[in-house]
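The next block holds one structure in the form of structure tokens; read it before the comments.
The values are calculated or read from the model by the stated rules, or taken from the named source; none is laboratory data. Computed from a predicted model, the values in this text were never measured in an experiment. Methodologically, a virtual Cβ is constructed for each residue, glycine included, from the backbone with ideal geometry; neighbour enumeration extends over all protein chains shown. Quick note on the areas: whole protein, heavy atoms, side chains included, nothing else; ligands and nucleic acids left out. Shrake-Rupley method; radii C 1.70, N 1.55, O 1.52, S 1.80 Å.
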Amino acid sequence: MKHKAKILGALAATLLASSAAYAGEVRVMWYSDGVEGEVIKDLLDRFQKENPDIKITLDNVAYKVVQEQLPIQLEAGQGPDIARVTNIKELAGHWLDMRPMLKDAKYWDDNFGSTLDWMRPDGSDAIPGFMTQLTLTGGFANKTLFEQAGVAVPGEKATWDEWVDAAAQVSKSQSLPAAFAIDRSGHRISGPNVSYGANYIAADGSPAKIDDGVKAFGSKLVQWVADGKMLKETWVAAAGSTYRAAADDFINAQIPFYYSGSWQVANLSSKIGDGFDWVATGSPCGSAGCSGLKGGAALVGIKYTKNPNDVVKVMEYLGREDIVKEFSERTLFLPAHKGVVDKGGLKWVSNDKNVAPALDAFVKSAGQTLPAADALPSWKWANAYYAALVTRLSQVMAGEMQLDEAWAKMDQDIADKVAQAK
């Protein structure tokens, strides 16, 4: 029965986002971390009133659908017309090159040029879309819990060990389930890995073997779970490389420290309200630095669309400077548009006193990322590496294998992905 349910689920997802059925229809596959689903609906509704000849269907789906079902659809030459994705580089061969159809390709090069390599095949000058936001991984602390426990919030250059130890004191004082949590994601632990000296990329651009930097932080994660300091459930309650966030545990004040990223700001603000005070902490430090990992979600055209000109019209509207600015202000996302960034003056739409300082902290942390982390968003094997990390580390945490075996399995998993791709 489970197998049958899985097949039906995959079929439903495929039908949901199948290619546009007739001229003038544009299907958009969208997932949300916070309020951005409501914002994009409002923006697209306005576009539709101005362009009644184009029918837009907005499919709001779970992130899991984008990560697991969309790649299957694309391999079959199917899918939506536009999609919001984070698996940007690995799937670059499926994106529509809008350059020949854009009214002003120079506008796109000038304003989105710094991140276009993240979403196009190596050596290409394609313009597949734009980043809906720039993101940066980093931590959040429940300031109220720290104050109630009488524990000082660690300072700017505090190490991972210092953060976890301080959070453990708070956890013990307030009788909480754990000191901290980090999302079940290979992406999320990569900034910390690099902070301990990890480098995923070999000299020839292929994946490097698991190194001492990965082992240093990975070993800490396993030990923190064994010690009850890290929330075990986040990592062992899912299988394979399935993503699982720990945002709700932080929102419900079950953990005093949470490592995720800037995209959570709107989510935390809307769900915590005035429940407690929280702060963005930047990334704790390792032996090599205090690096987070930049990234974000891209909105891309899909090359299998039957209506490429309509897709381009929608994308040109959403990529307009005034629309990007409004989207950023309302979603509390860091914009990836040079014109918007250079002009500044973003008016964050929030009455929450925690929001502006949190976003400012992420902007500051963006200047502390290390080169080995900055190389990952445009590296085609990044997701293969992330998947191996999360799959094998969670198996160690669950007691299914030893660390030494896990490192070897990671190398094999990554080598298998490379071989499959070739």
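Which of (1) over 17 Å from the mean Cα position of the chain (by Cα); (2) at pLDDT 95 or above; (3) part of a helix (DSSP H, G or I) is the odd one out, the single condition A373 does not satisfy?
Going through the list (1) over 17 Å from the mean Cα position of the chain (by Cα); (2) at pLDDT 95 or above; (3) part of a helix (DSSP H, G or I), A373 breaks only (1).
Inside the stretch 128-154, can you point out the residues that are open to solvent by less than 50 Å² (accessible area, probe 1.4 Å) and over 21 Å from D227 (Cβ atoms)?
P128, G129, F130, M131, T132, Q133, T135, L136, T137, G138, F140, T144
Just wondering, is there one or more residues in the stretch 324-331 that are in the same structural domain as I272 (by TED's automatic domain parsing), at pLDDT 95 or above and not in a loop (DSSP other than H, G, I, E, B)?
Of the stretch 324-331, the ones in the same structural domain as I272 (by TED's automatic domain parsing) are none.
Scanning the stretch 324-331, I find no residue that is in the same structural domain as I272 (by TED's automatic domain parsing), at pLDDT 95 or above and not in a loop (DSSP other than H, G, I, E, B), so the answer is no.
Read through the list (1) at pLDDT 90 or above; (2) open to solvent by 40 Å² or more (accessible area, probe 1.4 Å), then give the number of the only condition that G339 fails.
Of everything listed in (1) at pLDDT 90 or above; (2) open to solvent by 40 Å² or more (accessible area, probe 1.4 Å), G339 misses just condition (2).
Would you pick out the residues in the stretch 303-331 that are closer than 21 Å to L268 by Cβ, open to solvent by 10 Å² or more (accessible area, probe 1.4 Å) and not aromatic (F, W, Y)?
E329, R330 - these are the residues of the stretch 303-331 that are closer than 21 Å to L268 by Cβ, open to solvent by 10 Å² or more (accessible area, probe 1.4 Å) and not aromatic (F, W, Y).
Could you tell me whether the stretch 49-58 includes any residue that is without any contact (Cβ under 8 Å) to a residue 60 or more places away in the chain, open to solvent by less than 50 Å² (accessible area, probe 1.4 Å) and under 25 Å from L136 (Cα atoms)?
No, every residue in the stretch 49-58 fails to be without any contact (Cβ under 8 Å) to a residue 60 or more places away in the chain, open to solvent by less than 50 Å² (accessible area, probe 1.4 Å) and under 25 Å from L136 (Cα atoms).
For every residue, the table says whether it meets (1) more than 17 Å from the chain's Cα centre (by Cα); (2) of a type in the set (F, W, Y); (3) farther than 21 Å from R244 by Cβ.
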| site | (1), (2), (3) |
| --- | --- |
| W263 | no, yes, no |
| A266 | no, no, no |
| D277 | yes, no, yes |
| G282 | no, no, yes |
| C290 | yes, no, yes |
| K303 | yes, no, yes |
| P308 | yes, no, yes |
| K313 | yes, no, yes |
| G319 | yes, no, yes |
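Do any residues in the stretch 63-76 that are free of Cβ contacts under 8 Å to residues at least 24 places away in the same chain have Cβ atoms under 9 Å from those of residues that are open to solvent by 60 Å² or more (accessible area, probe 1.4 Å) and among the charged types (D, E, K, R), where the two are at least six apart or on different chains, and which pairs are they?
P71/E90
Could you count how many residues in the stretch 349-370 are more than 21 Å from the chain's Cα centre (by Cα) and surrounded by 15 or more Cβ atoms within 10 Å (Cβ to Cβ)?
Going through the stretch 349-370 one residue at a time, the tally reaches 4.
With (1) open to solvent by less than 10 Å² (accessible area, probe 1.4 Å); (2) under 18 Å from G129 (Cβ atoms) as the list, and Q264 as the residue in question, which single condition is left unmet?
(2)
With the checklist (1) more than 19 Å from Y385 (Cα to Cα); (2) buried (at least 24 other Cβ atoms within 10 Å of the Cβ); (3) within 20 Å of the chain's Cα centre (by Cα); (4) among the hydroxyl-bearing types (S, T, Y) in hand, flag the one item S190 doesn't pass.
So the condition that S190 fails would be (1).
If I ask for residues that are within 20 Å of S195 (Cα to Cα) and among the small types (G, A, S), which ones from the stretch 385-422 would you list?
Hits for the stretch 385-422 are A387, A388.
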